[in-house]
1. I'd like to verify a number: residues in the stretch B:88-134 that are assigned to a helix (DSSP H, G or I) and under 11 Å from the mean Cα position of the chain (by Cα), how many?
2. Based on what the data block shows, is B:I76 crowded, with 22+ Cβ neighbours inside 10 Å and assigned to a helix (DSSP H, G or I)?
3. For the stretch B:55-62, indicate whether the set of residues that are surrounded by fewer than 19 Cβ atoms within 10 Å (Cβ to Cβ), more than 24 Å from the chain's Cα centre (by Cα) and of a type in the set (G, A, S) is non-empty.
4. So which residues in the stretch C:27-62 are surrounded by fewer than 16 Cβ atoms within 10 Å (Cβ to Cβ), aliphatic (A, V, I, L, M) and within 14 Å of another protein chain (Cβ to nearest Cβ), if there are any at all?
5. Filter the stretch B:146-176 down to residues that are of a type in the set (A, V, I, L, M, F, W, C) and under 17 Å from A:K237 (Cα atoms) and give me whichever is modelled with the lowest pLDDT.
6. For the stretch A:137-153, does any single residue satisfy the condition of being away from every other protein chain (no Cβ under 14 Å), within 20 Å of A:G279 (Cβ to Cβ) and modelled with pLDDT of 95 or more?
7. Suppose the filter is touching a residue at least 60 places away in the same chain (Cβ under 8 Å) and farther than 18 Å from B:I2 by Cβ; does B:V83 pass it?
8. Within the stretch A:143-166, restricting attention to residues that are out of contact with any Ser or Thr (no Cβ under 8 Å at 6 or more places or on another chain) and of a type in the set (A, V, I, L, M), which residue is farthest from A:I106 (Cα to Cα)?
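The values are calculated or read from the model by the stated rules, or taken from the named source; none is laboratory data. The model shown is predicted, which means the values in this text are computed figures rather than measured ones. Cβ coordinates were reconstructed from backbone atoms using ideal geometry, including for glycine residues, and neighbour counts include every protein chain displayed.
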Amino acid sequence: MSENAISGLQQRLSAGAFAVTAECGPPRGSNLGVIQQKGELLKGVVDAVNVTDNQTAIVRMSSIAACVHLLHLGLEPVMQMVTRDRNRIALQSDILGAYSLGIRNILCLSGDHQSFGSQPDALNVFDIDSMNLLRAVKNMRDDGKDMSGFELNEAPRMFIGAAANPFADPFEYRVIRLAKKIGAGADFIQTQCVYNRERFKEWIRLAREEGLTEKVYILAGVTPLKSAGMARYMNSKVAGMDVPEAVIQRMAGVPKQEAAQEGIKICLETIAELRETKGVHGVHIMAIEWEQAVGEIVSAAGLK
Amino acid sequence: MIVGEQKSLAEIKDLVMPYDKILVLGCGTCVKTCFAGGEDETAVLASALRLAFKTEGRSVRVSEFTVERQCEDEFIQEASQAVKENDCVLSLACGAGVQAIARRFGKTVVLPGVNTTFIGVLEKQGLFTEECAGCGDCKLAIFGAVCPVTRCAKKLLNGPCGGSQNGKCEVNPDTDCAWQLIIHRLETLGQLDNLRTYIPPKDWRTSNAGGPRKLVREDHII
Amino acid sequence: MNETVKPKITVMYCINSFVEQAAFHAAFKNDADIAFVKLACSSMVKDVYLLRAFEAGSDAVAVFVCPEGHCRYVEGNLRAGKRIAWVQALLDEIGLGGNRLALHHMSAGDDAGAEKVIKDTLAALEDSGLSPAR
């Protein structure tokens, strides 16, 4: 990694490469073995690995700890940070600590509401939102100051990411939101997984028109489907997800034992199309609890 | 108004169990309008308590009294006699009223009969909705008079999260996504540019997070 | 000599659905004490009135309302239905039992129907027993 680069991921993207990131969910316990296992499957396969932060508001090993474990295994983590559970004091504190531990990428999110998780009875925080967090991390990096204006004793310099969902409502507003996130400090964007390619292309087109694709690295999300049931579930039960009927029918149209392969096939077709789409700088493969599929997809797509 | 819901009969029975002379004290303002503790609800609860205890073979004296508001001395005073004649007061006012009664009748057991919930409006017959969180620093002007602090489950100030779908909040499909409402409203008012403005982190000092608040009006103190 | 206690029933009736007559009183003289309460419309059954009937010693309360679609005030019998349902749930919570309170559709002049309702109410009381809150 060059001296000026903030992170390996940033270096790859600024060099014009089509980057590949994946995801790792920490265990619901202190079992290091789970992370080691997932790490082994992803090492050398992707440019960086996102580590989720109590995703779906289910209590898991902290993102910062799991990121450090991945660092020790030789991977490059992207620390996801939600504003649901920590106030601005704790968030800034964790960013300072994360940087000191070697973490160089951060993804700033609001987070799923606690009602979805294992502790729906908990009080949420949401002291600041993801937009505020983006700005805070940017100011820490570029001005060396924390949110109170205090000059930090060594500034954390992170490569800053944000999430975008081209499939949530209202559609017209989504590009305004993207612009706002870039203005707040986002260096890269990871989107919700793409099944509705037409809608995604429309969103990218609008983003291009506003000049946004020149200002930020967009990595399109992809998730291989395992079954028709999974496709239907995601479409109806997961907020902000758009799985077209045609895709569901494709999954339903093959025998059950071939469903996973069909899912990977669709994923590869999507990746191929995304590589040709102007303004897309990479893919973010979210193979939930199916990390083995990532290696297969990356090599079949010729991404490594 | 302040909205609340009367506690279950079982919970109330448990609270008043140790007492033989109970005063059910109603309030004629907010809790009356949301059918939790007005004069009518006071009468029904008193009757239900008498019947419930009688069914268990116990004779309990349950008195009823309702004042205009339990948050002002002028009206609280009217209940003095009734309070004196009983072992405990089951107040059906909001939490503020219950505490006001307890402060003025320092040696009396005062129990809450209502779960106070929110500041809201009567949206339509039988439907009360939460509208204001009392943050102390009102920015409704920027948001087209739809409050994201109260009505967005995540208190987001810079736009909707990715979970907003079909205009509904990810937490509850019956709840409108506040940001969808804000966007619609700003569109109607021709103020969509407000959405491009970065809103900085909220100063929560004016809210309850800064500690219980006071309002002192010197101009009203002699 | 032990005199068995006669059950006490309160009949709240909409004057458009039922006509009180001496013959009716006579029919049940030995079986029960029946108190009749006239209502200009069955919707007047406020929750507190129903509860107070039980406080006054009723073992059961029967409410006569006009048949569906025949309330001369259009919604009265519908409102009565909602109010009665609410109090039935409350009576369950109290421990008296919501089955002691019932709504009956009644047409004026249907004396046989009214008699049957009272007979059925008394029969039900033999099962559930007199009110423990008498």
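1. Residues meeting the conditions: 3.
2. Numbers: crowded, with 22+ Cβ neighbours inside 10 Å: yes; assigned to a helix (DSSP H, G or I): yes.
For B:I76, the condition - crowded, with 22+ Cβ neighbours inside 10 Å and assigned to a helix (DSSP H, G or I) - is met.
3. Narrowing the stretch B:55-62 to residues surrounded by fewer than 19 Cβ atoms within 10 Å (Cβ to Cβ): B:55-61.
Checking the rest, the ones that are also more than 24 Å from the chain's Cα centre (by Cα) come to B:55-61.
Checking the rest, the ones that are also of a type in the set (G, A, S) come to B:57, B:59.
For the stretch B:55-62, residues surrounded by fewer than 19 Cβ atoms within 10 Å (Cβ to Cβ), more than 24 Å from the chain's Cα centre (by Cα) and of a type in the set (G, A, S): present.
4. Passing the criteria: only C:A56.
5. Selected residue: B:C161.
6. no
7. It is true that B:V83 is touching a residue at least 60 places away in the same chain (Cβ under 8 Å) and farther than 18 Å from B:I2 by Cβ.
8. A:L152
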